[in-house]
Amino acid sequence: MGKILNWNELKDVIERLKADGKKIVFTNGCFDVIHIGHIRYLKKAKTLGDILVVGLNSDRSAALIKPGRPINTQDQRAEVLSSLEMADYVAIFDEETPYELIKLIQPDVLVKGGDWKEDDIVGSDLVRETYSLPYVQGISTSKIIERIKNL
């Protein structure tokens, strides 16, 4: 079994890890064009527990929240994320939010980036700890795409 799991596989793995006393951290996003902001964010998220699960927006759900995106397919994005040592597991979700996935695996910690208030983070009602981590100033996928278009 690799790091990219379907929901049922992930649920089984997380149940075993929790039974072994592991602290599960969950984060989510499109992770379309990986950049230094993503790397720093994922590294910090990983320090908040033992196991980092990344919920990845499917192509359909990414397009719902970011018109004209994604640039890379969900399978490509999942493979890139799974190659990062700090990401223990990756699961794709097709809904607009990861609420049902969070509800299924019941992580201990929920992490989002940027301007999110901790109480407004989707799934915060399902976990013990919620964190909003700051963005790297001036770095975003949208800005990178814009710079490429202007070359």
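The requirement of being crowded, with 16+ Cβ neighbours inside 10 Å and either over 23 Å from residue 137 (Cα atoms) or within 13 Å of the chain's Cα centre (by Cα) (or both) is satisfied by residue 45. Looking at the stretch 100-114, is at least one residue over 25 Å from residue 59 (Cβ atoms) and surrounded by fewer than 13 Cβ atoms within 10 Å (Cβ to Cβ)? Checked the stretch 100-114: no residue is over 25 Å from residue 59 (Cβ atoms) and surrounded by fewer than 13 Cβ atoms within 10 Å (Cβ to Cβ).
Of all the criteria given as (1) in contact (Cβ under 8 Å) with a residue 60 or more places away in the chain; (2) over 18 Å from residue 14 (Cα atoms), the one not satisfied by residue 58 is (1). Annotation note: of 55, 29, 68, the sole residue that is surrounded by fewer than 17 Cβ atoms within 10 Å (Cβ to Cβ) and either on the phi > 0 side of the Ramachandran plot or within 13 Å of the chain's Cα centre (by Cα) (or both) is 68. Residues considered: 71, 51, 92, 102. Of these, the only one that is in contact with an Asp or Glu (Cβ under 6 Å, 6 or more places away or on another chain) and closer than 17 Å to residue 13 by Cα is 51. Selection of the stretch 82-100 for residues being within 12 Å of the chain's Cα centre (by Cα), farther than 17 Å from residue 127 by Cβ and hydroxyl-bearing (Ser, Thr, Tyr) yields only 82.
Residues are listed down the side, and each one gets a yes or a no for (1) at positive phi; (2) touching a Gly at 6+ places or on another chain (Cβ under 6 Å):
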site: 11; (1), (2): no, no
site: 36; (1), (2): no, no
site: 39; (1), (2): no, no
site: 61; (1), (2): no, no
site: 86; (1), (2): no, no
site: 101; (1), (2): no, yes
site: 109; (1), (2): no, yes
site: 114; (1), (2): yes, no
site: 117; (1), (2): no, no
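For the stretch 74-121, the tally of residues that are at pLDDT below 95 and of a type in the set (Phe, Trp, Tyr) stands at 1. What pairs come up if the first residue lies in the stretch 3-26 and is farther than 16 Å from residue 49 by Cα, the second is of a type in the set (Asp, Glu) and not in a helix (DSSP H, G or I), and their beta carbons are under 7 Å apart, counting only those six or more places apart or on different chains? Listed by first residue and then by second, the contacts come to 3/88. Could you tell me whether residue 87 is within 19 Å of residue 9 (Cα to Cα) and among the small types (Gly, Ala, Ser)? Answer is yes for this residue. For the stretch 123-139, taking the residues that are crowded, with 16+ Cβ neighbours inside 10 Å and touching a residue at least 40 places away in the same chain (Cβ under 8 Å), the one that is farthest from the chain's Cα centre (by Cα) is identified as 127.
The values are calculated or read from the model by the stated rules, or taken from the named source; none is laboratory data. Owing to the predicted nature of the structure, the values given are computational and were not obtained by experimental measurement. Positions of Cβ are backbone-derived with ideal geometry, glycine not excepted, and every protein chain shown enters the neighbour counts.
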